[in-house]
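**Student:** Pasting in a structure now, in structure tokens, and then I'll have a few things to ask.
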Amino acid sequence: MATSTRRLPTPAFPAALPAWMNAKQLAVADRCLVSLRNHRTSKGNHALSIRSQRNTLLDFWSYCRKVPGETQPEDFEQWSTNSLVMDRQVVASTQRKYQNDVRAAYRYWVDSSAIRNNVRAQVGCDIVQVSTPENSITHRQPRELNGDKQRRSFSAKEERQFFRGIKEGIAFAHANGSKSLRSLQRDQVTFFFQTIAGPRETETVTVNVDSFEENPDFPEFGDYGMVRIWGAKIKAWRTVPIDDPALPPLLKWYVENVRPLFLSADNPDEKAMFLSERGTRLTYSGLYSRFRICAELSNMPVELTPHSLRHTSISSDTMAGSSLTMTQKKHGHTYASSTQAYTHLADEYVRGEHIRITRARMKNAKASGNGQ
């Protein structure tokens with residue numbers, strides 16, 4: 001069933017400006033929106049498209065309680081990540097459409113000296129472009145171009161090659177004193193965490209340092225025996241046990257030695273587990289961009305995406321003997337059929353299962369006297 005939160009509502013135009021705006025903000029918003037409407041109307045744009053863009057802008061401003069001249073790239077990034085992705089689970093193609101609406105509007109206002117002067121007179125600040133390549137989805141992603149049918153897990157060989165490529169990148173950066181060292185170290189931990197715990201990308205970026213806890217069944221894993229994950233898609237928490245002994249010490253090393261390098265003096269108490277280069281919570285767009293960098297380092301096929309790590313986690317658990325129910329609960333699927341759709345069994349595993357089953361049946365047939 002389609003979720004009503006996947007699309008922003010499109011009210012009849014013109015809609016009243018939000019009540020939270022003060023007099024100066026109302027003046028700025030009205031001036032900007034009217035000028036944009038007149039500009040697009042003169043270009044022959046359809047009224048529905050103009051209304052949709054207006055509504056997107058109001059949604060962005062209402063999220064951060066700011067208007068042009070006050071809004072900054074950080075506000076746009078938080079709106080995209082927290083409101084569109086985490087709260088409403090907006091798909092990448094729709095998220096990009098909303099971002100394009102905001103970027104085009106701000107481009108027009110920044111280029112207009114009359115608008116710039118008006119905004120400066122009202123709020124005392126210059127209007128700046130809030131949508132940048134670093135905080136936006138600017139191009140169609142491979143998963144959109146290829147379609148859902150092309151989504152797959154890493155093969156065992158690809159998984160080894162992927163993480164080997166990151167480790168080689170880390171070694172090179174360390175040897176050459178490159179600034180990319182800490183980013184690659186963070187990437188190694190982030191993507192290995194995704195491979196083992198299997199969270200969605202939007203769930204990965206919401207994990208906090210205090211999301212981890214001890215697992216009484218495996219005290220040797222220390223503080224990283226389990227992780228609590230908020231599933232925005234199903235609106236529920238789930239506790240995921242860490243089942244690979246290589247992950248807990250890697251997480252501990254990251255928290256103690258790598259993560260502090262990302263913390264900024266302006267926000268030393270940031271709780272996010274995985275941080276951006278600016279010391280803020282890593283966003284969905286940032287995660288995707290870093291994956292593409294690591295994938296290029298490792299010469300990965302273009303159809304592999306961060307979501308492929310989730311497919312890999314589910315497939316690996318299945319081949320390791322995890323029951324369908326356990327795998328379903330670990331990965332936060334409402335229906336077992338979803339878990340089954342994510343499962344991609346390696347040819348070696350299928351061949352091994354065939355040999356095991358055939359030999360067991362031959363043994364049973366011989367024992368019962370039916371085998372020749």
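**Student:** Between Arg200, Arg182, which is closer than 20 Å to Ile314 by Cα and open to solvent by 10 Å² or more (accessible area, probe 1.4 Å)?
**Tutor:** Values: Arg182 fails: closer than 20 Å to Ile314 by Cα.
Exactly one residue qualifies, and that residue is Arg200.
**Student:** Hey, among the residues in the range 206-235 that are within 18 Å of the chain's Cα centre (by Cα) and more than 23 Å from Ser315 (Cβ to Cβ), which one's most open to solvent (accessible area, probe 1.4 Å)? It would help to see each step written out before you state the result.
**Tutor:** Going through the range 206-235, the residues within 18 Å of the chain's Cα centre (by Cα) turn out to be 206-209, 211, 227-235.
When the remaining residues are screened for being more than 23 Å from Ser315 (Cβ to Cβ), the result is 206, 208-209, 211, 228, 230, 232, 235.
Numbers: Thr206: 38, Asn208: 34, Val209: 48, Ser211: 14, Arg228: 89, Trp230: 92, Ala232: 11, Lys235: 118 Å².
Restricting to residues being within 18 Å of the chain's Cα centre (by Cα) and more than 23 Å from Ser315 (Cβ to Cβ), the top hit is Lys235.
**Student:** Among the residues of the range 271-280, is there at least one that is under 19 Å from the mean Cα position of the chain (by Cα), of a type in the set (Phe, Trp, Tyr) and not in a helix (DSSP H, G or I)? Write out each step before concluding.
**Tutor:** To start, the set of residues in the range 271-280 that are under 19 Å from the mean Cα position of the chain (by Cα) comprises 271-280.
Now restrict to residues that are of a type in the set (Phe, Trp, Tyr): 274.
Keeping just the survivors that are not in a helix (DSSP H, G or I) gives 274.
There is at least one residue in the range 271-280 that is under 19 Å from the mean Cα position of the chain (by Cα), of a type in the set (Phe, Trp, Tyr) and not in a helix (DSSP H, G or I).
**Student:** Those residues that are modelled with pLDDT of 85 or more and either of a type in the set (D, E, K, R) or open to solvent by less than 50 Å² (accessible area, probe 1.4 Å) (or both), I need them from the range 317-350; list them, please.
**Tutor:** Asp317, Thr318, Ser322, Thr327, Gln328, Lys329, Lys330, His331, Gly332
**Student:** When the residues of the range 236-257 are filtered to those that are open to solvent by less than 20 Å² (accessible area, probe 1.4 Å) and part of a helix (DSSP H, G or I), which remaining residue is nearest to Arg186 (Cα to Cα)?
**Tutor:** Tyr254
**Student:** Still on this model: So, Thr190, is that one in a helix (DSSP H, G or I) and touching a residue at least 60 places away in the same chain (Cβ under 8 Å) or not?
**Tutor:** Spelling it out, Thr190 is indeed in a helix (DSSP H, G or I) and touching a residue at least 60 places away in the same chain (Cβ under 8 Å).
**Student:** Within the group Ser308, Ser289, which residue is crowded, with 21+ Cβ neighbours inside 10 Å and assigned to a helix (DSSP H, G or I)?
**Tutor:** Working: Ser289 fails: crowded, with 21+ Cβ neighbours inside 10 Å.
Exactly one residue qualifies, and that residue is Ser308.
Matching residues to (1) modelled with pLDDT under 95; (2) in contact with a Cys (Cβ under 6 Å, 6 or more places away or on another chain); (3) open to solvent by less than 50 Å² (accessible area, probe 1.4 Å):
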position: Met1; (1), (2), (3): yes, no, no
position: Arg6; (1), (2), (3): yes, no, no
position: Pro11; (1), (2), (3): yes, no, no
position: Pro14; (1), (2), (3): yes, no, no
position: Leu33; (1), (2), (3): no, no, yes
position: Ser42; (1), (2), (3): yes, no, no
position: Leu48; (1), (2), (3): yes, no, no
position: Trp61; (1), (2), (3): no, no, yes
position: Lys66; (1), (2), (3): no, no, no
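**Student:** So how many residues does the range 71-113 have that are surrounded by fewer than 20 Cβ atoms within 10 Å (Cβ to Cβ), over 23 Å from the mean Cα position of the chain (by Cα), in contact (Cβ under 8 Å) with a residue 12 or more places away in the chain and in a helix (DSSP H, G or I)?
**Tutor:** Selection size over the range 71-113: 4.
**Student:** So, in the range 114-143, exactly how many residues are open to solvent by less than 60 Å² (accessible area, probe 1.4 Å), at pLDDT 90 or above and in a helix (DSSP H, G or I)?
**Tutor:** 6
**Student:** Return the pair list, or none, for Cβ contacts closer than 8 Å from residues in the range 346-372 that are more than 30 Å from Thr312 (Cβ to Cβ) to residues that are at pLDDT 75 or above, at least 6 apart or on different chains.
**Tutor:** Gly371/Met362; Gly371/Ala365
**Student:** Would you mind telling me which numbered condition in (1) of a type outside the set (Gly, Ala, Ser); (2) within 26 Å of Gly352 (Cβ to Cβ); (3) surrounded by 18 or more Cβ atoms within 10 Å (Cβ to Cβ) Pro301 fails?
**Tutor:** (3)
The values are calculated or read from the model by the stated rules, or taken from the named source; none is laboratory data. Here the structure is a predicted model, which is why all the values come from computation and not from measurement. As a convention, Cβ positions derive from the backbone with ideal geometry for all residues, glycine included, and neighbour counts pool all protein chains shown. Ligands, DNA and RNA are stripped out before the accessible areas are found, and what is left, the full protein with its side chains, is counted by its heavy atoms. Shrake-Rupley method; radii C 1.70, N 1.55, O 1.52, S 1.80 Å.
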